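Asks: Before I ask anything, here is the structure I am working with.
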Amino acid sequence: MTDIKHGARFRIWPGILLCLLLLIPGAPSRVWAQAAPAPAPPPPQVQELLKLLDDPSVREWMERQRQRSEAVAEASEQVTASEQLSTRVQETRARLAALVAAVPRMPEEFRRAAGLLSQELRSRPILDVVLLVLGFLVLGAGMEWLFGRASASARARIVDRPVETAKARARTIALLFALGLAGVTIFGLGSIGAFLVFDWPPLLRRIVLAYLSAAFMLRLVLLACRVLLAPRSATAAQSQAGRVVPISDEAARFWFGRIALFAGWFLLGWATVETTRTLGFSLDGRRVLAYALGIGLLVIAVEAVWRRPVAPPSMVAAPEQPVRHHVIGTWLVTLYLVLLWVLWVAGLMGLFWLAAVAVLLPQAIAVTKASVRHVLRPGPGEVARSEQKLSAVYVDRGIRVLLIAGAVLFLAYAWQIDLVELTSRDTVATRAIRGLLSSVVILLVADLIWQIIKTHIDNTLAQTTPAAPPGSEEALRQARLRTLLPIFRSMSFVVLAVVAVLMALSSLGVEIGPLIAGAGIVGVAVGFGSQTLVKDVISGVFYLLDDAFRVGEYIQSGSYKGTVEKLGFRSVKLRHQRGPIFTVPYGQLGAVQNMSRDWVIDKMTLNVTYDTDLDKAKKIIKQIGKELAADPEYAHNILEPLKMQGVEQFGEFAIELRMKMMTRPGEQFVIRRRAFALIKKAFDENGIKFAFPTVQVAGRDEVEPAAARQVLTLVKGKTPEEGA
């Protein structure tokens with residue numbers, strides 16, 4: 001009905017437009033009128049259909065039918081999900097039953113395989129074949145040994161070369177890996193290549209090639225572990241120079257041995273299972289053999305988890321708690337490994353790979369991050385530059401993207417998901433998956449941008465650490481940067497996080513418009529409810545715009561005073577000179593007295609006796625000011641030398657002299673102490689005495705007669721002498 005109405009309206013619009021054109025002055029009305037035929041009315045059947053669709057009872061019936069169809073579809077989906085779960089359980093039980101039934105048939109499987117192999121080797125004894133295979137391995141190892149002897153001098157030069165920069169360290173690791181890869185390639189050519197040159201029976205060819213391939217892959221794994229862990233370095237310097245993963249020598253040797261054992265057992269099992277496939281083992285028989293060999297992998301992994309090197313208890317504050325946490329974590333990892341083996345045996349490969357990737361991917365990302373920082377760290381005499389830190393960020397994030405993309409592709413392969421076909425579908429599931437992948441990409445890009453911004457800001461802050469001459473333009477610029485850059489870093493993180501989350505939600509199909517509108521309404525409500533908080537934030541913004549204070553400056557506001565340590569969003573942290581730290585909201589600061597800007601005038605007073613030669617005292621104080629200004633320890637902090645301004649006032653017991661000097665902020669205290677010491681010494685040498693208040697006390701024998709005589713005078717109106 002809606003389409004019919006829209007079609008009728010669409011046919012009416014040309015007539016309306018023609019009428020408007022005919023009303024324009026000067027338009028050829030007759031020609032347009034003849035060229036615009038009247039729209040034909042809809043057929044009677046269409047009119048009847050429109051009337052039926054406008055009937056309320058018809059509309060109600062159509063709504064009931066739509067709801068019923070949705071309920072049926074939902075029920076069918078639920079039934080399908082339950083049926084799938086039931087089917088999965090039945091398949092698992094059938095798989096386990098088949099494995100149990102295949103165990104008694106294993107001896108027969110081995111006898112049949114032995115008979116097939118004996119038929120294949122009828123012309124050659126089995127011992128000769130084993131000796132030939134060992135000969136190929138020895139041939140490959142011998143060629144690799146010769147290459148090692150030929151390249152020993154080059155390897156020694158690479159190892160002995162001093163590693164003083166991150167670039168030299170990366171070059172050393174790359175060269176060592178290239179030499180090792182060349183040796184492994186020669187081993188492969190000498191063993192597998194020589195084996196392929198001869199004519200072998202087809203069955204034996206596949207069997208021997210499987211074990212030779214396993215040996216070659218084991219050599220590749222050992223090469224990678226040797227480059228990453230460097231377990232056999234001669235000295236600690238060589239191990240640190242050639243090791244990629246930042247671990248101790250003991251841990252490197254331990255993990256190298258366990259990884260080699262695990263990889264060797266795994267590759268040996270893989271070659272054995274492939275051999276059983278070639279020898280005609282049944283599927284269940286191969287599975288039984290593979291799961292039995294998998295028990296060996298489980299034992300190796302559990303043993304490595306329980307015996308892995310840990311930090312000694314002396315390195316931690318509370319030994320008991322870390323040991324207990326280590327034991328709990330070890331048990332959890334053991335249960336996780338057993339769960340993986342159970343999922344593998346049960347045939348739940350989707351859950352198996354999901355559980356494996358969910359645990360291994362974060363660990364791989366953490367190890368990659370630590371390794372990149374370790375390899376690209378600055379050398380002993382090298383200063384970390386912004387380019388090096390950015391290179392570490394790019395390498396770390398690039399490897400992280402590759403790991404995540406590889407994990408996604410691997411899980412898609414394990415779950416048998418065709419990503420190309422998935423992009424062409426338009427269902428709820430495909431839209432959710434595409435939105436999830438887009439969200440991951442958005443978050444990775446946001447993380448890269450944040451790391452670049454953070455690295456630039458941290459590098460700039462590190463460059464401002466060396467103290468410039470106080471009061472200089474460079475010192476003021478550094479103080480300004482130390483104040484504003486941390487705030488900009490926090491604001492950048494908040495903005496990036498909000499934008500990334502909103503974009504991720506939008507890619508998932510969430511309408512962010514109502515969220516933004518709702519957030520605005522909530523923000524207004526919160527603003528009315530937290531006026532003090534808003535006042536603090538806005539006051540802080542204006543303090544920063546006014547450049548009222550910076551990090552490292554000494555300020556006073558009311559009863560709060562101290563050195564500015566940190567500027568937050570709503571408060572400032574002041575460190576008092578005696579140690580306490582004050583957290584003062586910006587709204588409570590009010591008028592701020594900054595005592596660390598430009599200069600400070602320090603005024604001092606001295607009390608001398610009334611018989612002091614003032615001109616002489618003035619000359620002495622002036623000479624002391626010149627000596628302080630010439631002293632290299634104090635000269636750069638004195639802006640105007642010490643001098644006497646004159647007599648401040650005549651006191652009851654002394655003449656008060658006024659002095660002053662101009663210094664850099666915060667340096668007046670040290671200079672004042674030194675000036676007082678020099679003044680004391682000079683006044684003593686020139687006979688100038690400091691005045692101090694004295695109290696004169698009379699004896700008791702003289703005081704009592706005088707008091708009695710005064711009382712008698714007051715009573716009788718005359719003195720005792722007059723009365724006599």
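Asks: Among the listed residues LEU132, LEU179, which satisfies the condition of being in a helix (DSSP H, G or I) and within 21 Å of LEU220 (Cα to Cα)?
Replies: Values: LEU132 fails: within 21 Å of LEU220 (Cα to Cα).
Sole residue among the options that is in a helix (DSSP H, G or I) and within 21 Å of LEU220 (Cα to Cα): LEU179.
Asks: Can we say PRO693 is outside the structural domain of ASP547 (by TED's automatic domain parsing), loosely packed, with under 11 Cβ neighbours inside 10 Å and in a loop (DSSP other than H, G, I, E, B)?
Replies: yes
Asks: Separate question: For SER118, indicate whether it is loosely packed, with under 12 Cβ neighbours inside 10 Å and in a helix (DSSP H, G or I).
Replies: Answer is yes for this residue.
A quick yes/no check of all residues on (1) more than 25 Å from GLY568 (Cα to Cα); (2) modelled with pLDDT of 85 or more; (3) among the aromatic types (Phe, Trp, Tyr); (4) in contact with a strand residue (DSSP E or B) (Cβ under 6 Å, 6 or more places away or on another chain):
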| position | (1), (2), (3), (4) |
| --- | --- |
| THR430 | yes, no, no, no |
| ILE453 | no, yes, no, no |
| ASP458 | no, no, no, no |
| ALA462 | no, no, no, no |
| SER472 | yes, no, no, no |
| LEU476 | no, no, no, no |
| ALA479 | no, no, no, no |
| PHE488 | no, no, yes, no |
| LEU496 | no, yes, no, no |
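Asks: When you check ARG30 against the structure, is it modelled with pLDDT of 60 or more and either among the charged types (D, E, K, R) or in a loop (DSSP other than H, G, I, E, B) (or both), yes or no?
Replies: No; evaluated as a whole, the condition is false for this residue.
Asks: Of all residues in the range 601-615, which are in contact with a helix residue (DSSP H, G or I) (Cβ under 8 Å, 6 or more places away or on another chain) and within 16 Å of ASP684 (Cα to Cα)?
Replies: LEU606, VAL608
Asks: List every residue pair whose Cβ atoms sit under 7 Å apart, with the two residues 6 or more apart in sequence or on different chains, where the first one lies in the range 88-107 and is modelled with pLDDT of 85 or more and the second, anywhere, is part of a helix (DSSP H, G or I) and exposed (fewer than 14 other Cβ atoms within 10 Å of the Cβ).
Replies: none
Asks: Consider the range 553-581. How many of its residues are farther than 14 Å from SER490 by Cβ and either hydrophobic (A, V, I, L, M, F, W, C) or not in a strand (DSSP E or B) (or both)?
Replies: 13
Asks: Starting from the range 200-229, keep only residues that are in the same structural domain as ALA182 (by TED's automatic domain parsing) and farther than 17 Å from LEU279 by Cα, then list their pairs with residues that are surrounded by fewer than 18 Cβ atoms within 10 Å (Cβ to Cβ) and aromatic (Phe, Trp, Tyr) whose Cβ atoms are within a distance under 6 Å, requiring at least 6 positions of separation or different chains.
Replies: Filtered contacts from the range 200-229: VAL227/PHE177.
Asks: Filter the range 169-199 for residues that are modelled with pLDDT of 85 or more and hydroxyl-bearing (Ser, Thr, Tyr) and give the result.
Replies: Residue satisfying the conditions is THR185 alone.
Asks: On to the next question. Please work out which residue is farthest from the chain's Cα centre (by Cα), limiting yourself to the range 575-629 and to residues that are on the phi > 0 side of the Ramachandran plot and not charged (D, E, K, R).
Replies: GLY590
Asks: Which residues, counting only those in the range 588-622, are within 30 Å of LYS561 (Cα to Cα) and among the aliphatic types (A, V, I, L, M)?
Replies: LEU589, ALA591, VAL592, MET595, VAL600, ILE601, MET604, LEU606
Asks: Which condition number does ALA166 fail, the rest of (1) touching a Pro at 6+ places or on another chain (Cβ under 7 Å); (2) crowded, with 16+ Cβ neighbours inside 10 Å; (3) at pLDDT below 75 being met?
Replies: (3)
Asks: Further question on the same structure: Evaluate the following for PHE262: is it more than 26 Å from PRO202 (Cα to Cα), at pLDDT 90 or above, within 40 Å of the chain's Cα centre (by Cα) and not β-branched (Val, Ile, Thr)?
Replies: yes
Asks: So which pairs qualify, if the first residue must be in the range 275-295 and among the aromatic types (Phe, Trp, Tyr), the second must be in a helix (DSSP H, G or I), the Cβ gap must be under 6 Å, and the two must be at least 6 apart or on different chains?
Replies: From residues that are among the aromatic types (Phe, Trp, Tyr), the pairs are PHE281/GLU109; TYR291/VAL345.
The values are calculated or read from the model by the stated rules, or taken from the named source; none is laboratory data. Note that the structure is predicted; figures quoted are calculated from it, not measured. Every residue, glycine among them, receives a Cβ derived from its backbone with ideal geometry; neighbour counts consider all protein chains shown.
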